[in-house]
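This report concerns only the one structure given below.
The values are calculated or read from the model by the stated rules, or taken from the named source; none is laboratory data. Bear in mind that the values here come from a model prediction, so they are computed numbers and not experimental data. We place every Cβ from the backbone using ideal geometry, glycine too, and count neighbours over all the protein chains shown. Surface areas here come from the heavy atoms of the whole protein model, side chains and all, with no ligands, DNA or RNA. Shrake-Rupley method; radii C 1.70, N 1.55, O 1.52, S 1.80 Å.
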Amino acid sequence: MRTAYCAICAEKKIFREAVHLHHLIPGNGRRKKADKYGLVIPLCFSCHEEIHSSTEIILSKYLGQMMFERDRVAEGKTKPQARAEFMREFGESYLFD
């Protein structure tokens, strides 16, 4: 089995083993849905802790929603349809545009 590296560290050319999957859309029963749509990224312990202890958690939510909507648009939906589907699945929108 191939080792997964921390997505944040790998961007810095540091190859730390990922020991956590960070859910881009957090908690309250929404984690299984995030898994279903591939809205997770592999992280090392320290990067995962840093995200959850800072305002970067907000960026995580934005990224998760943008990825979800991008995938729906690639499937042929309009941006408003993709946004509506995200809101049905996850209960709210994190993006404002």
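At-a-glance table
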{"read-out": "Lone qualifier among Gly76, Gly38, Gly64 - being outside any helix (DSSP H, G or I) and either open to solvent by less than 30 Å² (accessible area, probe 1.4 Å) or modelled with pLDDT of 95 or more (or both)", "value": "Gly76"}
{"read-out": "Any pair with Cβ under 9 angstrom, 6 or more apart, that starts in region 20-41 at a residue that is hydroxyl-bearing (Ser, Thr, Tyr) and ends at one that is not in a helix (DSSP H, G or I)", "value": "Tyr37/Ile25"}
{"read-out": "Cross-chain or 6+ apart pairs with Cβ under 6 Å, region 79-97 first and in contact (Cβ under 8 Å) with a residue 24 or more places away in the chain, then assigned to a helix (DSSP H, G or I)", "value": "Glu89/Lys33; Ser93/Met87; Tyr94/Lys61; Tyr94/Tyr62; Tyr94/Gln65; Leu95/Gln65"}
{"read-out": "Criterion (closer than 21 Å to Gly27 by Cβ and either modelled with pLDDT of 95 or more or open to solvent by 20 Å² or more (accessible area, probe 1.4 Å) (or both)) met by exactly one of Arg70, Arg88", "value": "Arg88"}
{"read-out": "Hits in region 4-35 - residues which are among the aromatic types (Phe, Trp, Tyr) and not in a strand (DSSP E or B)", "value": "Phe15"}
